[in-house]
Amino acid sequence: MAEVAQELPPIEQLFNPNSNDYMENPVPQCLALARRGPIVWYEPWQAWIVTRMPDILECWHKEPLSSDFYDWEFAPARPPEDEWSHFERAMIGHSLLADPDHHRLIRKVVSPAFSRNVVDAIQAKIEPEVQKLFDELGEPEQFDYKEAVANHIPFISITRMVGIPKKYWPEIKQVILTFTETWNPTISDERREIARQNCNKAIVIIQEVIAERRNAPVQDDFLSTLLKIEQEQENFVEGDIITMILALIGAGADTTLVAQQWAVYALLKNDRSQIDKALASADAFSNAFSEINRWGVSSKMGFARYAPRDMEFMGETLRKGVMVLMMPHLKDYDPEYFENPEIFDVQRTFDPDVMFGYGPRYCIGAALAKRQLFLTMTELFKRFPNLELAEEPERDLEDHNAIVFKRLLLRTHCA
């Protein structure tokens, strides 16, 4: 068996998420990586990759590894508490990412902020803004969806969801674009530090908005709900509110922009009967969203975890601080996991649905992210029922996190 293993080519020859081949069709590389074994060492990232869903689900559920970016062996040194900036106070002092016990407590107390009623109320705030965006677009013969619509949706959604007053929008916009880079281990230290400073500026704005809202707690939005929880729960404080808002930004920025592009592309690239099925209701689209994500395989990296100490994990000896990546997207075209994986079916069953994580680490903003995308897709196909791709979009090699398009040119047949 050892002789056979020695004959295998290095995995980096078969799997390279930054290659043109991966950009055009990631499926062969994902399947090759998954077939190499349940846990694979990937030299270019100095990381272990967990490839199979039962192991990923167990890791998410039991949390043997750390989610704290500062536990990564190549992270900048964790600053002492007396030197923390706003960013460290939010991401360490009140961390949803690092402390499992505190994370579970916060999830429990904030669950009312993600109820169906709250999501419906937030939809009512976002919908007019989405309609206004399409009103401004008009009826062009063709347009770049990414530039005209997709790039604007994360900002619209997050500012209206949270309830950030218009006067702060210019300052908050940059952090919405770069926040997820604050903990991305694959980018340069310089780029990550710029994102961190943007985050510090955003936290100051959030603190100002919180102070204003305490004096006028009348708005029906995510922040108002969190402030009400703060009044009722002794262990939920302002630092937790800030962290929750940052988590919402993290869930709604990069992810939303990628999802906007792939939702349009997937619905136009496949049987058009899928469009009506996907947009039949918010619940129908929630499931369709998972199929869009599965069919598109837009992920490059997955979910990062770090060994909190020298330890044994899945039969391997992990050194303290080494990165371990959970890659659930490797299963997306595996016929042992999905029947007829090459077929795009928005009514496909997902059990469990792991698009937004699983168990204690399931993304708290998943329902909000799906709802704003449902609103946008509904408005798009209502305005342009004969919409089609004007060209096969060119992939953008520069994105640090996902397969995205340089532009997404659509033909409307309005002229």
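The values are calculated or read from the model by the stated rules, or taken from the named source; none is laboratory data. Since the model is a prediction, treat every value here as computed from it, not as a measurement. So basically every Cβ, Gly included, is an ideal-geometry build from the backbone, and we count neighbours across all protein chains shown.
Can you confirm whether segment 323-335 contains a residue that is closer than 30 Å to Gln274 by Cβ and free of Cβ contacts under 8 Å to residues at least 12 places away in the same chain? Among the residues of segment 323-335, at least one is closer than 30 Å to Gln274 by Cβ and free of Cβ contacts under 8 Å to residues at least 12 places away in the same chain, which makes the answer yes. The residues of segment 231-249 that are of a type outside the set (S, T, N, Q), more than 21 Å from Phe179 (Cα to Cα) and either out of contact with any helix residue (DSSP H, G or I) (no Cβ under 7 Å at 6 or more places or on another chain) or surrounded by fewer than 18 Cβ atoms within 10 Å (Cβ to Cβ) (or both), listed by number, are Glu232, Glu234, Val237. Filtered by the rule that a residue be touching a strand residue (DSSP E or B) at 6+ places or on another chain (Cβ under 8 Å) and at pLDDT below 95, segment 27-45 gives a lone residue, Trp45.
Scanning for something more than 25 Å from the chain's Cα centre (by Cα), of a type in the set (A, V, I, L, M, F, W, C) and not in a helix (DSSP H, G or I), does segment 72-80 turn up at least one residue? Among the residues of segment 72-80, at least one is more than 25 Å from the chain's Cα centre (by Cα), of a type in the set (A, V, I, L, M, F, W, C) and not in a helix (DSSP H, G or I), which makes the answer yes.
Among the residues making up segment 5-48, those that are among the hydrophobic types (A, V, I, L, M, F, W, C) and touching a helix residue (DSSP H, G or I) at 6+ places or on another chain (Cβ under 7 Å) are Ile11, Leu14, Phe15, Cys30, Leu33, Ala34, Val40. Among the residues making up segment 365-376, a single one is within 14 Å of Leu133 (Cα to Cα) and either in contact with a Pro (Cβ under 6 Å, 6 or more places away or on another chain) or surrounded by fewer than 22 Cβ atoms within 10 Å (Cβ to Cβ) (or both): Leu375. The set of residues in segment 61-72 being modelled with pLDDT under 85 and of a type in the set (A, V, I, L, M, F, W, C) consists of Phe69 alone.
Of the residues making up segment 209-237, those that are touching a residue at least 40 places away in the same chain (Cβ under 8 Å) and part of a loop (DSSP other than H, G, I, E, B) number 7.
Scanning segment 381-415 for residues that are loosely packed, with under 15 Cβ neighbours inside 10 Å and more than 22 Å from Asn25 (Cα to Cα) turns up Lys382, Pro385, Asn386, His413, Cys414, Ala415.
Checked against (1) of a type outside the set (A, V, I, L, M, F, W, C); (2) touching a residue at least 60 places away in the same chain (Cβ under 8 Å); (3) under 21 Å from Tyr333 (Cβ atoms); (4) in a helix (DSSP H, G or I), Arg35 meets all criteria but (2). Checked against the criteria, Glu63 counts as surrounded by fewer than 18 Cβ atoms within 10 Å (Cβ to Cβ) and at positive phi. Where residues in segment 196-229 are surrounded by fewer than 17 Cβ atoms within 10 Å (Cβ to Cβ) and among the charged types (D, E, K, R), which of them is farthest from Ile122 (Cα to Cα)? That would be Lys201. Among residues of segment 375-390 that are touching a residue at least 60 places away in the same chain (Cβ under 8 Å), those with a beta-carbon under 8 Å from a residue that is of a type in the set (D, E, K, R) and in a helix (DSSP H, G or I) at least six positions away or on a different chain give the pairs Leu375/Glu127; Leu389/Lys269.
Against the condition at pLDDT below 90 and not aromatic (Phe, Trp, Tyr), how does Ala75 come out, does it pass? In short, yes. Quick one: is Ile275 in contact with a helix residue (DSSP H, G or I) (Cβ under 7 Å, 6 or more places away or on another chain) and surrounded by fewer than 23 Cβ atoms within 10 Å (Cβ to Cβ)? Answer is yes for this residue.
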